[in-house]
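Below you'll find the structure, written out as structure tokens, and then a few comments.
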Amino acid sequence: MQWESIRQQRLTEIEWQIADSKWQVAGGGWSRGRVVGCADGGLALPAPVPQAQVSLSKGGRWRMAYSGWRMTKVNQQSVIRNPSTSNRASQQSKIVLITGAAGGIGRATVQLFAEYGWRVIGVDRAPFGENFPANGLFIQSDISDPAALEAIFRQAHAFTDRLDALVNNAALQIAKPLLDTSVGEWDAVMASNLRSVFLSAKLAYPLFKAAGGGAIVNVSSVHAVQTSANIAAYAASKGGLLALTRAMAIEFAPDDIRVNAILPGAVDTPMLRAGLGRGHVGGSDIQERLDNLARKTVSGKVGKPEEIAHAIYFLADDTQSSFMTGQAMIVDGGATARLSTE
């Protein structure tokens, strides 16, 4: 077998230029560190790459056995691409800014975008610790403070001249009866959960324009559509975020900036565990309360941060959700599907 060249553009895209165009893909995906089944006994590739296997064998025409990938011919080159690869720019050049990056959902989202080859700018008032992507930028700051948010975007602009996605994930939850909630607490929730999204969109707009468009994903909550006692400020902020999402989608559409919201249900995060003490779920300890909460969902389980991260990525990736804007996607294990009277 005569290989002319192999070039790895990023973890999710490798172009193979081969002399004989009649080789076929007999397996699916990529191997970790090597390609198996080649005529020369295997070809080493830099690791890590997404786990799976690719086998090449000589045959009459191209065939893709793994349905999640597609193959195209470009100027005598046979190009195998992950369908998440953008048609506007390669994943290597894509930039995402994620707020609330050190929390449960935020941390999983940082990891997933990095795995897909995005460069990540993470923001959180808590430290991230180790393992933040080496080619990214972490900023420890408070997005509820307008001056701090402006400083965040100055740092982001110094790091990159474009932005392909913005994930507004940071949130503050105060679990109190409405009559016991102070004006200061109400304002703190609104500043973190709603005002910060408004300001982030304004500050991110020039970077989106430089990229020729992009996507904003606002992390709302099922509390925006169905809620419970002793969480009024949080529910109101998340409901307002849905309205803001629709308004932003309308105004930003001419610039090819899509805006959608995701509404997670019960997800096992530090915020969820802290909120289990407000009395809506019985149980003598945290694990028993989590088990009782899981039984209230149609799926019979509490969600994982990684499951929400994948939904966020779907809304951010313009090859998967390019015709979606102004929408609210509920990911709650079926909790909102069941009548409360049943």
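The values are calculated or read from the model by the stated rules, or taken from the named source; none is laboratory data. Since we're looking at a predicted model, the values are computed, not measured. Cβ sites come from the backbone with ideal geometry, for glycine too, and all protein chains shown count toward neighbours.
Could you tell me whether any residue of segment 99-117 is in the same structural domain as residue 221 (by TED's automatic domain parsing), farther than 23 Å from residue 260 by Cα and of a type in the set (D, E, K, R)?
Taking segment 99-117 as the starting set, the residues that turn out to be in the same structural domain as residue 221 (by TED's automatic domain parsing) are 99-117.
Adding the requirement that they be farther than 23 Å from residue 260 by Cα leaves none.
No, segment 99-117 contains no residue that is in the same structural domain as residue 221 (by TED's automatic domain parsing), farther than 23 Å from residue 260 by Cα and of a type in the set (D, E, K, R).
Results for (1) basic (Lys, Arg); (2) under 20 Å from residue 241 (Cβ atoms); (3) at pLDDT below 95; (4) not assigned by TED's automatic domain parsing to the domain that holds residue 115, shown as yes or no for each residue.
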position	(1), (2), (3), (4)
154	yes, no, no, no
164	no, no, no, no
199	no, yes, no, no
212	no, no, no, no
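Selection of strands (runs of 3 or more DSSP E) fully inside segment 107-197 by the criterion of at least 2 residues being in contact (Cβ under 8 Å) with a residue 24 or more places away in the chain returns 119-124, 165-168. On the stretch given as segment 215-245, residues that are at pLDDT 95 or above and crowded, with 17+ Cβ neighbours inside 10 Å total 21.
Taking the criterion of being surrounded by fewer than 15 Cβ atoms within 10 Å (Cβ to Cβ) and touching a residue at least 40 places away in the same chain (Cβ under 8 Å), the only residue of segment 286-306 that qualifies is 298. Picking from residues in segment 282-308 that are farther than 20 Å from residue 336 by Cα and not in a loop (DSSP other than H, G, I, E, B), the one that is modelled with the lowest pLDDT is 286.
Would you confirm whether or not segment 218-230 contains a residue that is out of contact with any Lys or Arg (no Cβ under 9 Å at 6 or more places or on another chain), within 30 Å of residue 114 (Cβ to Cβ) and in a helix (DSSP H, G or I)? No, because not a single residue in segment 218-230 is out of contact with any Lys or Arg (no Cβ under 9 Å at 6 or more places or on another chain), within 30 Å of residue 114 (Cβ to Cβ) and in a helix (DSSP H, G or I). State whether one or more residues within segment 242-265 are within 22 Å of residue 124 (Cβ to Cβ), basic (Lys, Arg), touching a residue at least 40 places away in the same chain (Cβ under 8 Å) and part of a helix (DSSP H, G or I). No - not one qualifying residue is present in segment 242-265. Remark: pairs (first residue in segment 230-241, more than 15 Å from residue 264 (Cα to Cα); second residue of a type in the set (A, V, I, L, M, F, W, C); Cβ separation under 7 Å; 6+ apart in sequence or on different chains) = 230/175; 231/175; 232/178; 233/174; 233/186; 233/189; 240/194.
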